[in-house]
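The values are calculated or read from the model by the stated rules, or taken from the named source; none is laboratory data. Source: prediction; values computed, not measured. Please note: Cβ atoms are built from the backbone with ideal geometry, for glycine as well, and neighbour counts cover all protein chains shown.
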Amino acid sequence: MSDMVQLMAAPFVACLVLNAMLAYLGVHIIAREVIFVDLSLAQMAALGATSALLFNVATDSPTAYVFALAFTTLGAFIFAMTRTDPGKRRVPQEAIIGIVYVVATAAAILVADQAPAGAETIKESLVGSILWVTWGDILKLALAYSAIGLFHYFLRDRFLTISLQEEEALARGWKVRWWDFLFYLSFGIVITLAVPIAGVLLVFTFLVVPAVIAFLFSRKTAALVTISWGSAALASALGITLSFRYDLPTGPLIVCMFGLVLLLASGVRRWLTARGVP
């Protein structure tokens, strides 16, 4: 037991830090119906990190983060500028998000073919290295996420209204595209910091699955965030414990545990609905 605590304490705390930020942002993403924006921005970040290799920049250096953030900012700008009012939409924004993802993936493959260790960088961007995260990495991540969390707290009225009550935001005359850019930019920073630690697959899972579970039971903001955090903590604990016990890859196993928790939550929702519980 002590060996498990010693080895898995840092990965579990890293999951909690990631969960604290991503589960909250997931509520926005589900409400906005832009489910795959995380994958798209994460792939833009991966493209930036891979492009840095062409300039002999190490993937774990601050300069590589600048490359990744620059490409992520470009993605945030594209998503903000392609937003249209509900009644004027000719093309769903999810289509734009998918196109950006495909193009960024193809570009990353082309760049990786020319860059040293490019293929390894793409692989690491998918699975991450959460098992080897250090306490120093966690502290830096927590400080950065705390700053972004404060940013969202002070602008919560704007962001939550646009996500949950878009018509009201438009009726108030807000410059929704500008606020969208700020939202996606902060979201992109979160993703850029998370992908090297957790990988694209786990980051996407942290963002979407807890929010889906929460929306099964409530539409109130406080309840949505609480349920998201709780379900993510449970899935992370199960994944890390089983990973240690059976010597299985940590990140993919946590993803599978999220799927299991979602399945159980769906069963509970059906049971409550059958008994007339709203």
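Structure summary
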item: Residue in region 46-68 that is within 30 Å of Thr226 (Cβ to Cβ), surrounded by 14 or more Cβ atoms within 10 Å (Cβ to Cβ) and modelled with pLDDT under 80 present; result: no
item: Any hit, region 253-274, residues being in contact with a Ser or Thr (Cβ under 6 Å, 6 or more places away or on another chain), under 30 Å from Thr82 (Cα atoms) and not charged (D, E, K, R); result: no
item: Selection count where residues are more than 16 Å from His28 (Cβ to Cβ), of a type in the set (Gly, Ala, Ser) and in contact (Cβ under 8 Å) with a residue 40 or more places away in the chain, scope region 164-200; result: 2
item: Failed item in (1) out of contact with any helix residue (DSSP H, G or I) (no Cβ under 7 Å at 6 or more places or on another chain); (2) over 21 Å from Ser129 (Cα atoms); (3) β-branched (Val, Ile, Thr), with Thr221 passing the rest; result: (1)
item: Test: residue in region 35-43 that is in a loop (DSSP other than H, G, I, E, B), at pLDDT below 85, surrounded by fewer than 22 Cβ atoms within 10 Å (Cβ to Cβ) and not charged (D, E, K, R); result: yes
item: Check on Val203, surrounded by 20 or more Cβ atoms within 10 Å (Cβ to Cβ) and more than 21 Å from Ala31 (Cβ to Cβ); result: no
item: Residue in region 76-85 that is polar (S, T, N, Q), surrounded by 21 or more Cβ atoms within 10 Å (Cβ to Cβ) and either more than 29 Å from Ser231 (Cα to Cα) or in contact (Cβ under 8 Å) with a residue 12 or more places away in the chain (or both) present; result: no
item: Residue within region 246-260 that is crowded, with 16+ Cβ neighbours inside 10 Å, in contact (Cβ under 8 Å) with a residue 40 or more places away in the chain, polar (S, T, N, Q) and over 22 Å from Thr161 (Cβ atoms) present; result: yes
item: Among residues of region 147-178, those that are at pLDDT below 90, more than 13 Å from Thr221 (Cα to Cα) and part of a loop (DSSP other than H, G, I, E, B), counted; result: 4
item: Residue match in region 132-141 (condition: within 17 Å of the chain's Cα centre (by Cα), touching a residue at least 12 places away in the same chain (Cβ under 8 Å) and assigned to a helix (DSSP H, G or I)); result: yes
item: Single residue of Ser125, Ser186 found to be in a helix (DSSP H, G or I), of a type outside the set (A, V, I, L, M, F, W, C) and in contact with a Ser or Thr (Cβ under 9 Å, 6 or more places away or on another chain); result: Ser125
